[in-house]
1. Out of the residues in the stretch 336-353 that are small (Gly, Ala, Ser) and either surrounded by 14 or more Cβ atoms within 10 Å (Cβ to Cβ) or out of contact with any helix residue (DSSP H, G or I) (no Cβ under 7 Å at 6 or more places or on another chain) (or both), state the one that is modelled with the lowest pLDDT.
2. Consider Ile122 against the criteria (1) in contact (Cβ under 8 Å) with a residue 40 or more places away in the chain; (2) of a type in the set (A, V, I, L, M); (3) more than 18 Å from Ala177 (Cβ to Cβ): it satisfies all of them except one. Which criterion is unmet?
3. Could you tell me whether Leu360 is at pLDDT 80 or above and under 15 Å from the mean Cα position of the chain (by Cα)?
4. Got a number for residues in the stretch 171-189 being open to solvent by less than 40 Å² (accessible area, probe 1.4 Å) and modelled with pLDDT of 75 or more?
5. Check every one of the strands (runs of 3 or more DSSP E) wholly within the stretch 113-164 and list those with 2 or more residues that are farther than 30 Å from Ser56 by Cα.
6. Looking at the stretch 71-94 only, could you name the residues that are under 25 Å from the mean Cα position of the chain (by Cα), in a helix (DSSP H, G or I), crowded, with 18+ Cβ neighbours inside 10 Å and not acidic (Asp, Glu)?
7. Tally the residues that are out of contact with any strand residue (DSSP E or B) (no Cβ under 7 Å at 6 or more places or on another chain), closer than 25 Å to Leu103 by Cβ and among the hydroxyl-bearing types (Ser, Thr, Tyr), restricting the search to the stretch 209-246.
8. When the residues of the stretch 95-135 are filtered to those that are in contact with a helix residue (DSSP H, G or I) (Cβ under 9 Å, 6 or more places away or on another chain) and over 30 Å from Pro71 (Cα atoms), which remaining residue is most open to solvent (accessible area, probe 1.4 Å)?
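The values are calculated or read from the model by the stated rules, or taken from the named source; none is laboratory data. Since the model is a prediction, treat every value here as computed from it, not as a measurement. Counting neighbours? That spans all protein chains shown, and the Cβs are built from the backbone with ideal geometry, glycine included. When the accessible area is computed, the model is the full protein with side chains, heavy atoms only, and any ligands, DNA or RNA have been set aside. Shrake-Rupley method; radii C 1.70, N 1.55, O 1.52, S 1.80 Å.
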Amino acid sequence: MGKKKKKRKAQARADSADVRRDFMDYDSRGITPMRFGDTRPQYYSSGSQNYAMLTSLYHSSGIARKIVNKPAKDAVRNGWRLVIPDDPEMQADYQQAMDKLKLKKALSEEIIYQRLYGDGYITIGTRELSSSPDPYQPIDTDHLLSVQFVHAFGQTHVQRYQTDDNPYSETYGQEQAVVYSPTSSGYKIGPNGEIIPTGENVSTIVIDKSRYFHASLDKLEDDETGTSILQTCFDQIKAADTALYSTGKMLFEYTLKSFKSDQMANEEDEDKFDSDYRKLADGMSTESLVLMASDEDLTKISTNVSGIQALYDYIWQQMAAVSDIPRSVFIGEQAGTLAGASQDVINYYDGIKSIQEDILKPQIEYIVKLLFMSSQVCGGSVDPDSVNWTIEFNPLWSADDKTQSETLLNTVNAASTAVSAGIIDPDEGKAMLAGQSNNAVQSLKVTVGDSVDQDMLTSGQLKSYRKWLKKEMRRLDDG
């Protein structure tokens, strides 16, 4: 009886040897979407988002993180500049004051929170004549001293915000305030390394609309909050995660070995069995091992992977469709320099441009106005309406050299043809060429050191250009 029991234990060890427990086993990855087939598709309503799950998915899934981060970082990657054409010195001073606020970092974090949770916020800290400005009260622009900081935060600690939903109201769609519940007032490190609270117990904060920005994603009329992009892409992320899981399992099976040994399969000494098994495992550390008796057999059934690339391409196609991020941008094939046929990448950067114009630019302009009205910034307060100023974003992308050269040649041929036909004069042809935003064209110019970076040709360049243009005209006439 004891012999049979020991034998069953030995066989149980052999049967359990093919169980693998590593990071590729699905359940060990923590809170992640379940594989397809485990559950039916899930549908969510606004206000029911699981913020803990969204946070965990953002931290654990590289694809989810890329979906959230990529547009947010591209929107501020190349930065922007304050342009004051009439006063270069003033432009430089206020640009420096704006840079000290680290606005680029805060705006990027706001868009990250917007895409991750559906809502992103930025709060504005000011110094006013009152010693401690009340965040519930509007900013006193008549007694504003300086703008101290801009901080980004998400929806997780926001209790509520009230929006005017009367379509006949002048303030329709505008917010009045946001109610925020902080969890800590902050800490500092004492001389002996102890942690010391920096303030009293925290309480709910009501922030006036003049002191914060709010960007929502896909928020409809009756929605309580915005909608996370990860919730929109949930099924596609599950498909990609299942593909990764399945691929890992298939790769693991490529190294499966069958080892027949009556002695080990029937070994009764646990210590000896463990010692022998470790020795074998050390010698075959990169391959799987199965122990079985000689009268048993294991047949490996190889997986047919033909056509799997088409399935993976379909997943990427779906991912690009729902996230508005082309595959070439998603995996890094294109990063700001475009080939001639990259229309999908151009469309992506057009979408980034809309984020800049619709969300970021009004916020930057508001910060600049506050800087103008601050009495302790750049020598004193200035009426923003009395200054000719604009905010200009730097280009998001440029065409590759070959495409730019072809564009330049086509533009030059068009100018030469128009001049030879008497439609425009050479000066107008020069202006037509100079107006093209093309690196090859820009290389013909020199930058004058004024505040708007106006580009002009030197007299020598202009002479060479006209000579070359006349030569092109003669060539066209002879042809």
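1. Ala341
2. (3)
3. yes
4. Looking only at the stretch 171-189, we keep the residues that are open to solvent by less than 40 Å² (accessible area, probe 1.4 Å), and these are 175, 177-179, 181-182, 186.
Okay, now just the ones that are also modelled with pLDDT of 75 or more, so 175, 177-179, 181-182.
Counting residues in the stretch 171-189 that are open to solvent by less than 40 Å² (accessible area, probe 1.4 Å) and modelled with pLDDT of 75 or more gives 6.
5. 119-128, 144-153
6. Within the stretch 71-94, Pro71, Ala72, Ala75, Val76 qualify.
7. Residues flagged as out of contact with any strand residue (DSSP E or B) (no Cβ under 7 Å at 6 or more places or on another chain), closer than 25 Å to Leu103 by Cβ and among the hydroxyl-bearing types (Ser, Thr, Tyr) within the stretch 209-246 amount to 2.
8. By that ranking, first place goes to Leu129.
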